[in-house]
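One structure below.
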Amino acid sequence: MKFVGERRALAAAIMVFYFLMYGVLAYAQLVPELTKAFAAIAGVYGLAFFALVAGYFWARWYAVGVGLYGVITAAVGIWQIGPENVLLFVGGTHLAATIFLWGHAMSEPYDGQAAWRQKFHMDESAVQRLGRSVIRAGVSLPFILLYAFAPKPDSASFVVSLSALVLVAAGLRGLVQLKTWGVLALGAAGALMLAMVGADIASHGLGALALRPAIAGGMLIAATAPFLAPIARFIAVA
């Protein structure tokens, strides 16, 4: 199945739908304490939509990560409160966007472009390694935003989550530029998020507040994993 243009259009439509939905929720301030979180999540979807339309080489990976974030969120919600129609819709649309963008045919207008591969001297193995890391970072970013901007009982967790957010934003940018510091920034952000899990479980139990940093931290550590061996080999040679 090809239909590359049609699949890209449908995936972009799903991303812009959630951009508008979260943007309206933030603008209307229907849930005042979540206004900042909704605005931040709108930005995540807006970036996915813009990148897909613009054809950036990393756009497909990032949008797949955002799609998987929606699938995970819906799955956790169904586990907690059951198969509500809203959750089924959210999970189904995000899964559809992920499927639309999956496959070799869809890579051709994005990560399959020869220009950026030649610029960074990337072979197929390196491309696959980078793609897995960008997808995992794309999954983690919305979780960190929700954790950072959702109401919290203490300021310490806000400072830690905000620091992790800055590291992820910088790390994701560095990652697509193939900078070693980008990988290290993502790893540091993952460690910070995982450090919050124990404190959240002790204070509030195993709920959404603890699941968000756990998923985000795990995904960020996984995002750094494909680069650990090459970095170790480089250090050993140096």
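The values are calculated or read from the model by the stated rules, or taken from the named source; none is laboratory data. Quick caveat: nothing in here was measured; it's all calculated off a predicted structure. Every residue, glycine among them, receives a Cβ derived from its backbone with ideal geometry; neighbour counts consider all protein chains shown. SASA here: full protein model, heavy atoms, side chains in, ligands and nucleic acids out. Shrake-Rupley method; radii C 1.70, N 1.55, O 1.52, S 1.80 Å.
The figures follow:
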item	result
Separation of alpha-carbon centers, region 82-103 and region 4-45, rounded to whole Å	15
Accessible area (Å², per residue) of the chain, counting only protein heavy atoms and a probe of 1.4 Å	49
Cβ crowding within 10 Å averaged over residues, with 181-187, 138-144 ranked highest first	138-144, 181-187
By accessible area with a 1.4 Å probe, ligands and nucleic acids excluded, highest first: order of ASP111, ASP123	ASP123, ASP111
Over the chain: helical MRE at 222 nm, DSSP H runs n ≥ 4 each giving -39500 (n - 2.57), nearest 500	-29000 deg cm²/dmol
ALA229-ARG173 FRET efficiency (beta carbon distance; Förster radius 25 Å; 0.05 resolution)	0.65
Carbon and sulfur %, accessible surface of the chain computed with the full protein complex present, 1.4 Å	70
Inter-probe distance in nm under a simple model that places probes 7 Å from Cα toward Cβ, at VAL4 and GLN80	4.0
Descending semi-axes in Å of region 19-159, equivalent ellipsoid built from Cα gyration tensor	30, 17, 14
Read-out Cα extents along the principal axes in Å, derived from the coordinates shown; its label in [x] 64, 45, 31; [y] 45, 41, 41; [z] 49, 47, 29	[z]
